[in-house]
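Written out below as structure tokens is the structure these notes cover.
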Amino acid sequence: MTTAALERLNINYRLEGDGPETVVLVNGLADDLETWDYQVRALLEAGYRVLRFDNRGIGRSDKPVGPYTTAMFAADTKALVDHLEIGDFHLVGVSMGGMIAQEYALAYAADLRSVALACTYAAPGPFCSRMFSLWEDMAPVMGVPAVMRDVTVWAFTPEFFEKRPDDAAEFETAMRFIDQPIPAYLAQLNSIQAHDATDRLGSLNVPTLVLAGETDILIPVELSRRLHSLIPRAQWATTNGGHACLWEYPDQFNRALIAFLASVSSAAAAG
């Protein structure tokens, strides 16, 4: 891993592979770059170069005073790819990362070959807003690990806990020892509470995939469908699983993502 000293902050990143096209991966709330461990190998084997990094407020990146916004995270991402001289890339974001990717695509569309928005929304709506308000109240009292252990219960399906108890225990242990200061967590949480691209997504003119876990209850599938309906010519795909489908059903997630990336490249070559 390497740290990029940017104008505003230091960002920890990992750049792998030497393919002709680059995929930039953006993490969700309280997740560091290890989020993508189940995707990176598949992307490298498919011939892509892969960039992943710790957002501000998590991992080895700086944790400046918040609150943060998804537009701020998008600007951080822009600063990093410019520092690395990466352009004409595919941008993939999950959950909060999908919100960041929306802001990036709206602000810096010329940089992108495509954008994939996984398990995310255009705006939180009343259900998610209530849930996030609860997390905001819980974190200072119980700590970030306790909140994230609770999130883990709802991110996976009941079958995951029944059929893969060792994997479930591994994820729960990772959440138990998550190292994120409460102020940084709350600063990140603010970004998903405040995110609202509803009135702007109609102008998005980048090949787009909206991908959802079929039984997602943290960001309900209906919110992902609503996001899809707002983006002209966006593609839609689902996998088995819930909000953690990229971990619980990584093969399905990876096939859907890589098929989309390949279709964009094929269309560009033909056009």
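Does D18 satisfy the condition of being part of a loop (DSSP other than H, G, I, E, B), touching a residue at least 12 places away in the same chain (Cβ under 8 Å) and under 18 Å from F253 (Cβ atoms)?
Criteria not met by D18.
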Counting only residues that are in contact with a Lys or Arg (Cβ under 8 Å, 6 or more places away or on another chain) and either among the charged types (D, E, K, R) or assigned to a helix (DSSP H, G or I) (or both), which one in segment 76-92 is surrounded by the fewest Cβ atoms within 10 Å (Cβ to Cβ)? D88
With criteria (1) surrounded by fewer than 20 Cβ atoms within 10 Å (Cβ to Cβ); (2) touching a Lys or Arg at 6+ places or on another chain (Cβ under 9 Å); (3) assigned to a strand (DSSP E or B), E34 comes up short on (3)
For residues that are surrounded by fewer than 24 Cβ atoms within 10 Å (Cβ to Cβ) and either more than 17 Å from the chain's Cα centre (by Cα) or over 20 Å from G17 (Cβ atoms) (or both), tally how many sit in segment 104-118. 7
Please determine, by comparing only the residues of segment 49-69 that are in contact with a helix residue (DSSP H, G or I) (Cβ under 7 Å, 6 or more places away or on another chain) and not in a loop (DSSP other than H, G, I, E, B), which one is surrounded by the fewest Cβ atoms within 10 Å (Cβ to Cβ). V50
Has segment 162-170 got any residue that is hydrophobic (A, V, I, L, M, F, W, C), modelled with pLDDT of 95 or more and out of contact with any Asp or Glu (no Cβ under 6 Å at 6 or more places or on another chain)? no
Quick check: is even one residue across segment 194-207 outside any loop (DSSP other than H, G, I, E, B) and farther than 19 Å from Y108 by Cα? yes
Of the conditions (1) surrounded by 20 or more Cβ atoms within 10 Å (Cβ to Cβ); (2) more than 24 Å from D167 (Cβ to Cβ); (3) polar (S, T, N, Q), N254 satisfies every one except a single condition; which number is it? (2)
Looking only at segment 43-57, and only at residues there that are within 14 Å of the chain's Cα centre (by Cα) and of a type in the set (A, V, I, L, M, F, W, C), the one that is nearest to A259 (Cα to Cα): L51
Give the residues of segment 25-47 that are in contact with a Ser or Thr (Cβ under 7 Å, 6 or more places away or on another chain) and of a type in the set (V, I, T), sorted by residue number. V26
Could you figure out which of (1) within 18 Å of the chain's Cα centre (by Cα); (2) more than 28 Å from E45 (Cβ to Cβ); (3) surrounded by fewer than 20 Cβ atoms within 10 Å (Cβ to Cβ) isn't true of Q188? (3)
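Within the bounds of segment 129-138, is there any residue that is within 23 Å of I182 (Cβ to Cβ) and in contact with a His (Cβ under 6 Å, 6 or more places away or on another chain)?
no
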Just one of (1) free of Cβ contacts under 8 Å to residues at least 12 places away in the same chain; (2) over 16 Å from the mean Cα position of the chain (by Cα) trips up D88, so point out which. (1)
Checked against (1) out of contact with any Phe, Trp or Tyr (no Cβ under 6 Å at 6 or more places or on another chain); (2) surrounded by fewer than 20 Cβ atoms within 10 Å (Cβ to Cβ), L218 satisfies every condition except (1)
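The values are calculated or read from the model by the stated rules, or taken from the named source; none is laboratory data. Computed from a predicted model, the values in this text were never measured in an experiment. When we count neighbours, we look across all protein chains shown, and the Cβ atoms used for this are built from the backbone with ideal geometry, even at glycine.
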